[in-house]
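The values are calculated or read from the model by the stated rules, or taken from the named source; none is laboratory data. All values derive from a computational prediction rather than experimental measurement. All Cβ positions, even for glycine, are placed from backbone atoms using ideal geometry, and neighbour counts span all protein chains on display.
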Amino acid sequence: MTLSGGFTGAAIVAGIAGWPVKHSRSPRIHNYWLQQYGIDGVYVPFALAPETAIEAIRLLPALGIRGMNVTVPNKEKAYKAMDEVDRWAERLKAVNTIVVRDGVLHGANTDAFGFLESLREAQPDWQADAGPVVILGAGGASRAIVAGLLDAGAPEIRIANRTPERSDAIRDEFGSLVRPVPWERRADALGDATLLVNTTSLGMEGQPALEMDLAKLPATSMVYDIVYVPLETPLLAAARARGNPAVDGLGMLLHQARPGFREWFGTDPVVDQALRDHVLAAL
Ligand code: ATR
């Protein structure tokens, strides 16, 4: 693939910091938009080892780099390297979007935004306050989604995780609207749920299958899987087969990219089918 429509010596430079970074889809997303909008810019992968990530990030202003996305395992390091952070980054103690402004490092976390935007795109009439949500998993993605759903007004969030200490820790951090449920009892938590979200890696290509009995899930409840390889996970296929609206994880990846692109390159980019197809072609 070509990097962009052709950038010059005046190009705005941004990128993504990960370790490893070679599997990241973000260059494909941002360089598609750069080409689409005819912007003189470039978005490159930066392999930043976690041991030296803070030092490297502190050098962004000196290097004239406009900003970066940050992915595993550097999000918590990036948080520590910032001069200022937004409320999401503060809440999650993790940064996925860095913007350099007048030599100052600003950190944001757009994962909750990406999740909520993709949910609203898929189901515009979805209301966070309509009823309980069930979340499978208690890792970094789960924490961002819990923060987003609580902010949007979810009345109760039930979290089932294989390791109960991690779901208990989310309850301790986010409060009593978060209710841990035993992993073995996850199917029983679905009774009055309006939304089920899988944030575990189960069902991902190369990972074990997610075993989830949907029998108790109301027919109108939404099922969201943050996994996007494959796009149609067995969980989503099972949801669709019984008539539940199903949302794949690609939308979260695409929407979380929007705020950074807007800040670095000055254009609010659109997530559309052409972008989805472009990213899907490389999955
Ligand atoms: P991320 O930050 O991307 O959310 P993570 O912190 O590695 O990733 O979390 C992965 C999630 O998948 C966790 O909830 C993990 O459960 P544990 O906390 O018990 O490790 C869950 N997960 C991974 N493999 C699993 C398996 N075989 N069975 C059940 N849950 C699993």
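Tabulated data for the structure shown
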| item | result |
| --- | --- |
| Residue check, A193 within 30 Å of V279 (Cβ to Cβ) and touching a residue at least 40 places away in the same chain (Cβ under 8 Å) | yes |
| Identity of the residue in segment 75-127, surrounded by fewer than 20 Cβ atoms within 10 Å (Cβ to Cβ) and small (G, A, S), that ends up nearest to L196 (Cα to Cα) | A122 |
| Given (1) touching a helix residue (DSSP H, G or I) at 6+ places or on another chain (Cβ under 6 Å); (2) under 24 Å from A128 (Cα atoms); (3) surrounded by fewer than 22 Cβ atoms within 10 Å (Cβ to Cβ), index of the condition L210 fails | (2) |
| Where N161 falls short, out of the listed (1) within 9 Å of the ligand (Cβ to nearest atom); (2) farther than 26 Å from P230 by Cα; (3) crowded, with 20+ Cβ neighbours inside 10 Å | (2) |
| Residues that are in contact (Cβ under 8 Å) with a residue 12 or more places away in the chain and within 14 Å of the ligand (Cβ to nearest atom), drawn from segment 206-215 | A209, L210, M212 |
| Some residue of segment 216-228 being more than 15 Å from the ligand (Cβ to nearest atom) and among the β-branched types (V, I, T) | yes |
| Subset of segment 132-156 [within 8 Å of the ligand (Cβ to nearest atom) and either part of a loop (DSSP other than H, G, I, E, B) or more than 18 Å from N109 (Cβ to Cβ) (or both)] | L136, G137, A138, G139 |
| Long-range neighbours under 6 Å by Cβ, at least six apart or interchain, first residue assigned by TED's automatic domain parsing to the domain that holds I135 within segment 224-249, second assigned to a strand (DSSP E or B) and among the polar types (S, T, N, Q) | D225/N198; L235/N198 |
| Test: G266 is within 16 Å of the ligand (Cβ to nearest atom) and surrounded by fewer than 21 Cβ atoms within 10 Å (Cβ to Cβ) | no |
| Residue match in segment 172-180 (condition: β-branched (V, I, T), surrounded by 16 or more Cβ atoms within 10 Å (Cβ to Cβ), within 16 Å of the ligand (Cβ to nearest atom) and in the same structural domain as L119 (by TED's automatic domain parsing)) | yes |
| All positions within segment 157-181 that are part of a loop (DSSP other than H, G, I, E, B) and in contact with a Phe, Trp or Tyr (Cβ under 8 Å, 6 or more places away or on another chain) | R162 |
